[in-house]
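The structure under discussion appears below in the form of structure tokens.
The values are calculated or read from the model by the stated rules, or taken from the named source; none is laboratory data. Predicted model only: the values in this text are computed from it and were never measured. Cβ atoms come from the backbone with ideal geometry, glycine included; neighbour counts cover every protein chain shown. Side chains are part of the model used for accessible areas, which takes the heavy atoms of the whole protein and leaves out ligands, DNA and RNA. Shrake-Rupley method; radii C 1.70, N 1.55, O 1.52, S 1.80 Å.
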Amino acid sequence: MKYFNDIAAVSVEDLFYRQPLTITKHTDKKRLSYSLGALLYMPATRLDIADLIITNKFKELVTVAICLEDAIGDHEVEEAENKLILHMQKITAAVQEGRLTEETTPLIFVRVRSAKQMVDIAERLGDALKNLVGFVFPKFSSDNAEDFLSALRLLNKQANTVLYGMPILESPSVLYKERRLDELLRLKEIVAQYADLILNIRIGATDLCGLYGLRRDSETTVYEISIVNELITDVVNLFSRQHDGFVVSGPVWEHFSSNGRVLKPQLRETPFHDHLGSEGLLLRKELIRKDFDGLIQETLLDKANGLVGKTIIHPSHLLPVQALHVVTKEEYVDALSIYQQATGEKGVFKSEFMNKMNEIKPHLYWAQKVLIKSDIYGVYNENITFIDLLSE
């Protein structure tokens, strides 16, 4: 799959200094782990999953998780499993017939309820298993981690394809203060033994808030829910370290239309007007109407805190999240300069943009991550921002 593959060639030239590259499940793991962007969840009971993928109904869709867990009812499990098998068989047939290619086949995951269900689904999928990138493990804890990961290891040995796992940290044991640190340390020790199979560490804000009867509205970011923000801090601290870290992704955003607001919108008028004039102000108004100002604010905070990618529940969220993952020209030039000059000849130098100092040792890890993301999401031309991409 390739980000922004649906944009006309002339617009791509105007928008991008470096265009995104194609990614597949066979892309090297480190690069693939940064590639998931906006991960769209769909209940497996949907009738049209295969069709919308084959017909490219959602132009911006790059990653999708077909859910057999909380997105379906407990009495729908058998029906959902059967539909999942049919969806994957139709997708596999489309790949074999050439109706889906590497650039048009999204990265597909399945969220399972248990390790046993994962093994059963893998067996039933047969040849279609090769079109899955992996499985998502909900309520991941020290009680079930070994079951999930050892079963995944066995599937990789048995299947003629690679399959990744993505644990979701959303159980009481990672949130309750008296248990959190011990639990996170145990989980880190376990996943380290399966590091080659772990694509992302994900954080499940909805389940975590539910433990305390909380639900953030569209004007509140997850970082303003103190109890969840504490967990995000600890997860990033423990799981995103430079030499043995994983990519940690942003929690789900669950709002997609406005029902009136109390607080002022979080999108300033000036950048929209400066980029697009009156059309920019209309775009801003539409984003606010759809509550995208909250989504944009939270995604920017994800980025500031080192999180990459975000779980979403509506296709309208795809483009805003992906547009915010594109690397700016300034970020790219600084990162490339830092990386190229990490030779020991100097320690600090002035940015080409004449607005900051680039200190090589502390900024090198940041630069390496920016360069990886520049291959995946592309690099904006100078003076181009996510506003211009959204207007397309």
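Quick rundown of the values:
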| quantity | calculated |
| --- | --- |
| Highest-fluctuation residue, Ser249, Ser141, Ser351 considered, GNM on the chain with Cα pairs under 10 Å | Ser351 |
| All aspartates and glutamates inside 16 Å of Lys57 as judged from Cα atoms, apart from same-chain residues fewer than 8 positions distant | Asp6, Asp48, Glu103 |
| Estimated FRET transfer efficiency (Lys361, Asp182; beta-carbon r; R0 30 Å; 0.05) | 0.35 |
| Mean accessible surface per residue for region 1-77, computed with a 1.4 Å probe while every protein chain stays in place, in Å² | 43 Å² |
| Max mean-square fluctuation residue, GNM over the chain, Cα-Cα springs under 10 Å, options Glu224, Glu298, Glu330 | Glu224 |
| Cα centroid separation, region 1-59 to region 347-388 (Å) | 23 Å |
| Contour excess over end-to-end distance, with Cα ends at Lys30 and Asp74 and 0.36 nm allotted per residue | 12.3 nm |
| Positive minus negative residues near Arg153 (Lys, Arg vs Asp, Glu; Cβ under 14 Å) | -2 |
| Computed magnitude of the charge dipole of the chain (debye, nearest 20; Cβ of K, R +1, Cβ of D, E -1) | 460 debye |
| Solution diffusion estimate, µm²/s, Stokes-Einstein, region 1-108, Kirkwood Rh from C-alpha pairs, 25 °C, viscosity 0.890 mPa s | 162 µm²/s |
| Gyration tensor verdict on region 1-60 (Cα atoms; rounded if a/c is under 1.5, prolate if a/b is larger than b/c, oblate otherwise) | oblate |
| DSSP-defined beta bridges in the chain - what % are antiparallel, rounded to 5 | 15 percent |
| Relative contact order of the chain, pairs being alpha-carbon contacts under 8 Å that are 6 or more residues apart, as % | 20 percent |
| In region 82-184, GluC sites (Glu not before Pro) in a DSSP loop with at most 11 other beta-carbon atoms within 10 Å | Glu97, Glu103 |
| Amide hydrogen neighbours beyond the local backbone of Leu39, cut-off 5 Å, H modeled | Lys310, Thr311, Ile312 |
| Built amide H within the under 5 Å cut-off of Leu107, gap 5+ | Thr63, Val64 |
| Nitroxide proxy distance, nm - points 7 Å out along Cα→Cβ at Lys59 and Asn144 | 3.9 nm |
| Size of electric dipole in region 124-191: Cβ of Lys, Arg +1 and of Asp, Glu -1, about Cα centre, debye, nearest 20 | 160 debye |
| Region 149-223 - Debye-derived log10 I(q)/I(0), Cα point model, q = 0.15, 0.24 Å⁻¹ | -0.65, -1.09 |
| Other-chain or far-sequence residues with amide H under 5 Å of Ile203's (modelled H) | Leu169, Ser249 |
| Gaussian network model of the chain, springs between alpha carbon atoms under 10 Å - residue of Ser114, Ser226, Ser142 with greatest fluctuation | Ser226 |
| Cα radius of gyration and Dmax for region 72-145 (Å) | 13.6, 43 |
| Filtered trypsin sites (Lys or Arg not before Pro), region 321-357: DSSP coil and at most 14 other beta carbons within 10 Å | Lys346, Lys356 |
| Across Lys59/Lys90; Lys177/Lys310; Lys139/Lys303; Lys90/Lys130; Lys59/Lys310; Lys29/Lys139, pairs whose alpha-carbon gap is larger than 21 Å | Lys177/Lys310; Lys139/Lys303; Lys29/Lys139 |
| Inter-site label distance for Ala342 and Ala304 at 7 Å from Cα along Cβ, in nm | 2.5 nm |
| Kirkwood estimate for the chain, i.e. one over the average of 1/r between Cα atoms, Å | 21.9 Å |
